[in-house]
Structures are given as C-alpha cells and as structure tokens.
1. Being modelled with pLDDT of 95 or more and either surrounded by 15 or more Cβ atoms within 10 Å (Cβ to Cβ) or in the same structural domain as GLY207 (by TED's automatic domain parsing) (or both): is that true of LEU182 here?
2. Name the residue, out of ASP323, ASP317, that is of a type outside the set (A, V, I, L, M), under 27 Å from GLY260 (Cα atoms) and not in a helix (DSSP H, G or I).
3. Out of curiosity, is GLU61 within 28 Å of MET196 (Cβ to Cβ) and surrounded by fewer than 18 Cβ atoms within 10 Å (Cβ to Cβ)?
4. Just to be sure I understand the filter: pairs with C-beta atoms under 9 Å, separated by 6 or more residues or on different chains, first member in region 158-180 and on the phi > 0 side of the Ramachandran plot and in contact (Cβ under 8 Å) with a residue 24 or more places away in the chain, second member surrounded by 13 or more Cβ atoms within 10 Å (Cβ to Cβ) and part of a loop (DSSP other than H, G, I, E, B). Which pairs pass?
5. Report, by residue number, each residue of region 126-144 that is over 14 Å from PHE264 (Cα atoms) and charged (D, E, K, R).
6. Given the criteria crowded, with 20+ Cβ neighbours inside 10 Å, modelled with pLDDT of 95 or more and assigned by TED's automatic domain parsing to the domain that holds PHE103, does ILE166 qualify?
7. Please go through region 20-32 and give me each residue that is without any contact (Cβ under 8 Å) to a residue 60 or more places away in the chain and either loosely packed, with under 14 Cβ neighbours inside 10 Å or β-branched (Val, Ile, Thr) (or both), ordered by number.
8. Could you tell me how many of the residues in region 402-413 are assigned to a helix (DSSP H, G or I) and either surrounded by 15 or more Cβ atoms within 10 Å (Cβ to Cβ) or touching a Phe, Trp or Tyr at 6+ places or on another chain (Cβ under 7 Å) (or both)?
Amino acid sequence: MAKDVDLIKQKLDLVEFLRGYLNLLPAGKNFKALCPFHQEKTPSFVVSPERGIWHCFGCGEGGDIVKFAMKYENLEFPEALRFLAEKAGVSIGTMNPAEQKEFGILYDLHEKAKDFFRENLIKNKEAMKYLLDRGLKEKTITEFELGYAPGGDSLTVYLINNGFDISDIQRAGLAHKNVRGLYRDRFDSRIIFPIMNHMGRVVAFTGRLLPNPNRKYEVEPPKYLNSPETPIFVKSKILYGLNKSKHAVGQSRTVFMVEGQMDFLMAWQSGVENIVAVSGTGLTPQHLMRLRRLADTVVINFDNDEAGLKALERSLDVFNSFDFHVKVLDLGKYKDAAEAVQSEPEYLTKAAAWAKPAFSRLFQIYFGSGQKTLGIAERKRILRHLLAKISNVRSPVEQNIWLKELAQASGIAESALTAELNDLPKAKEETAEAAVAENTANRQDLIATRLLALAFAKDSYLSLLQERLQWLPAVYQSVLQNPKEKAEIFELRSTFEFSDATEDKLEWEFNELMRNLELEFLKKERSVIQEAMQSEGGNSEAMQKFHDLSKRIDELK
C-alpha cells in the first residue's frame, strides 16, 4: 500500500491536482488559497509543492494529496487511493485482507443486492406499474437503477448462494435475525432506490413500501425504510443524486434541494439536473460543506405542509452558517415537487424565477392573511421564534435587512424588534476560528510559534534562534534540533505569515519576538528562584541571581 501511495505522489502534481478544487495564488515558493474546509475571507490554506503537503492555519487541517482527497471527497483511505490512481492513470494493488473485509465486501454486497432488486422489479408488474403511475419514465427507472424487494429471505438466500457470509450480510444492514432466530431481509415488499456515493458506488438503499390494501400487518411498517449506517455509508455525508448532478450544480452555482427520491427523479426527468435530495436524515453541516464548494444559491423545495415548514426552519440555521443565498420555491397548490412536475413538467424551472428569499417566505407564512386573528401572546411567540432565526445570520447588514422586512410584515416597529433581538440569549457560535481560539497556547508558546515560522523564512534567523535554544519550550527545541523531520508546518506558516513582508519588517519583528521570548524565559527563571527563596530561605547567591534577573527583565520591558 505504501508503494501505491508513493507511485500516486510521483504521477500526480499536488499543485495541479489542487487547482481542480481551489483558486491557488502564488506565495513565494508556495501557494495560498481559501480553505475549503471552513468558512474564511482571508486565505489561510498553504500548499508546499516542494514537500508535497498542505496545511490550513485557520482550522488546523493538513496532510498530503491522499489526505486531501479523503477529506474533500469524503472517502475512506482505500477509496481515496483508487480515486487518485484513476486520475494518475496507474494501477494499484488490491486491498489487504483487513481492508477487503471492512470495505470491499460491503461494496460487493450492495452491488449484488442492487442487481437482485433490479431483476425483481422487471419481474413484478405491480411494482413497475406503481412507478409508472407515479409519473416516472422507464428511462429514468433504468438510469437510476430502481428495483423491488420481494422480502422474506429471498435476498439473503440469493447473496449466500453467491458466496457471501451471513455475518457480512447482516453487517451491511441487508438482513436481520427475527425473534424466532430466522434470517429475514431488511427490505420487504418495497420499491428500492439505490443510494450512491458521489463516486457512483452503491452504499445503501431506501425502500418505499409498495401499497397493498390486501396485506395486513400486526404492526404498521414505516412508509420509507433506509439502510443503517455502515463503514461505507454515513447518512450525514451523502446527498441523494449528487453523483449525477454535481457537474450541473457546479456550472450553474445554484442547487435545487428537495425532500425525497421521487421528487428528485421527477424533477430530473423534467430537465432540472442541478438538484439533490435530502433523504433518510436531516440536513447536516457535512452536506452543506460539500454543496458550498459547488454552489452559492440554494433553492429549497420542501413539501408544502407543516412538515415541510419545519424542515425549512431547521435547514435555515445551517444554511446561514455557510453563507448561502437561500430561496424558497412556492409550490402553490401542489403538495410536493413530484406532484408539481407530474402536472406541469416545466413547473420547477419556471417557478425558480419567482422564488423568494427564505426569510421573506417565512414572514409570509407567519404573517400572511391571518395575522389579524393572532393574539398578543401568539404574535410574541412567533416574533421571538423568527428573531432567533435572524440572530443566526452572521452579517449585521443582512440582519438589518430582515429586521426591516419583518417589521413591515408584522406591523411591529423595527426598534422594538431590534430590542427584542438583543435580549435573546446568545448561542455559542462554533466556528473554526473559535475552535482555534479555545486552544490558544500561553504567551511563550505563541511567541515561539511565530519565531519558528520567521526563522524558516530566513536562514540567518534560524541560526540565531538555535543559539538561544534554551529560551524555547522543549517541544519547540525539538523542532530546531530535527528541522527536516518536524519543521514542515513551520515552513508553511512562514509562507502564511511572512510571504509579503519586507526585509525591514522581518528584521524588526524578529528582534521584537526574540526580546519577548527572552523576557518570558527570564520571568519563569525568576519565579522559580522566588519560590525556592520563600520555601527554603534565601542565600546571598540566590538573592544576587534574583536581583540580576529582575534588572535584565526591567531592561527588556
């Protein structure tokens, strides 16, 4: 496996590879870019072509080309190697036994199960009729590889007959043992929607119960049933259809977001290809982090009912944290996007032109024609609810825009709304910058970190710092003693901090940092002597050393 990694690194230039994802700007012998892993306005993502590594000084992420592929593309290590090998045009070795057990068998199982479901859909006229009656075309059914699960133990037996072990079938979430100790398929009498990762590999399934008025259940099963999470399927990372739509989303910089597979498929076959579906889980930061790299605007198509409203409100807070421009499509008389497109194939495309900003839509819902019938307590509750949403908007200017619009919609003075907004309890904001701030080291560590970065910008500074090694905390001394082994991050920080600095600026900062480093070192030395004098009594030698240190500290201040 190590040989495969080395081969990939030889064939793929890190900078050229990253240009496919980021707008890289020259910074001395290195490059800078806005980090794709957290929101920022000033580039803190630094790339070293010489060392073949990257590091973000805003959020702390870093690594080589494989680590970037894993992080950006949401891939496990073996997947990332295959992904990069394809780009490099090289062949790599097969998985080792442990990796094959962990990942390879699960992929093979899902691929085989998908084929089984597809064959059974072709055989089952009732299931096919259901899909066609819902408005899907045969071409769409084939393209997205829909299937049918007859249930019982049919899939389990099929997979065992094809050489798979029952323990792996269970691990994949395709079968379970019932109370009588018999193995049964997870999906029973269900239309099957394969869920693909963004590489187009089947990692899970959603099963929609096929309506059957003649079938009686002891316990009513859920209408939709999803695969459980497995090593190859993490719900919070996968959006249905993104493997097909990512290029259209990236080209338009706009993404339609719907609630389920049927909405997605109906919209897709009507010509809307910049679209994804949230299915089986709520919208997560991981979803939006992936979409934010592709799009600036989100058009939400949640169902036109109470559940859809709640989904919109939950999503809005997450959208705001990623600085999306959010619009809401009013589906009017239609319950959902699938129904709208089935009646009017071009409905979504046309309706997008008059889609309203999300806050405008919420104000309309809460303070529409029925606002005069609301009591004081209910109006206050709604206003505080909406103000809490506005408080999550990061831009003060945008907050002010929505306060003005809310004042107009509700009939409440803007000044009163502002006062109410300021009285809301402040939620702790979890940002990359906050996370870094929480881990901020003490003053000596901060000085040492900046000094090391500066030292790697100029050899003469490195030599001077090595002469004063004892001033540094032990962890930083080891960097200077083994510069080739441990100095990569400090070299990158040098680019991040000082690539645009003049010689005079560098010299002034180095001298200031050295003065402060000596000052902190001497303060600690004096504290040790002072504690010893207090506990053991001071002798003349200790008192003289304490006096000398105090004098030097005063000179340095």
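1. Details: modelled with pLDDT of 95 or more: no; either surrounded by 15 or more Cβ atoms within 10 Å (Cβ to Cβ) or in the same structural domain as GLY207 (by TED's automatic domain parsing) (or both): yes.
Criteria not met by LEU182.
2. On the way: ASP317 fails: not in a helix (DSSP H, G or I).
Unique residue meeting the criteria: ASP323.
3. Numbers: within 28 Å of MET196 (Cβ to Cβ): yes; surrounded by fewer than 18 Cβ atoms within 10 Å (Cβ to Cβ): no.
No, not satisfied.
4. What qualifies is GLY173/ARG186; GLY173/SER227; GLY173/PRO228; GLY173/GLU229.
5. First, pick out the residues of region 126-144 that are over 14 Å from PHE264 (Cα atoms): 126-130, 132-133, 138-139, 142.
If the condition is that a residue be over 14 Å from PHE264 (Cα atoms) and charged (D, E, K, R), then GLU126, LYS129, ASP133, GLU138, LYS139 are the ones that fit.
6. Working: crowded, with 20+ Cβ neighbours inside 10 Å: no; modelled with pLDDT of 95 or more: yes; assigned by TED's automatic domain parsing to the domain that holds PHE103: yes.
It is false that ILE166 is crowded, with 20+ Cβ neighbours inside 10 Å, modelled with pLDDT of 95 or more and assigned by TED's automatic domain parsing to the domain that holds PHE103.
7. GLY20, ASN23, LEU25, PRO26
8. We begin by selecting, within region 402-413, every residue assigned to a helix (DSSP H, G or I); these are 402-410.
Going one step further and asking which of them are either surrounded by 15 or more Cβ atoms within 10 Å (Cβ to Cβ) or touching a Phe, Trp or Tyr at 6+ places or on another chain (Cβ under 7 Å) (or both), we end up with 402-403, 405-407, 409-410.
Summing the residues that are assigned to a helix (DSSP H, G or I) and either surrounded by 15 or more Cβ atoms within 10 Å (Cβ to Cβ) or touching a Phe, Trp or Tyr at 6+ places or on another chain (Cβ under 7 Å) (or both) in region 402-413 gives 7.
The values are calculated or read from the model by the stated rules, or taken from the named source; none is laboratory data. Given the structure is predicted, the values throughout are model-derived calculations rather than measurements. For neighbour counting, all protein chains shown are included, and Cβ atoms are generated from backbone atoms with ideal geometry for every residue, glycine included.
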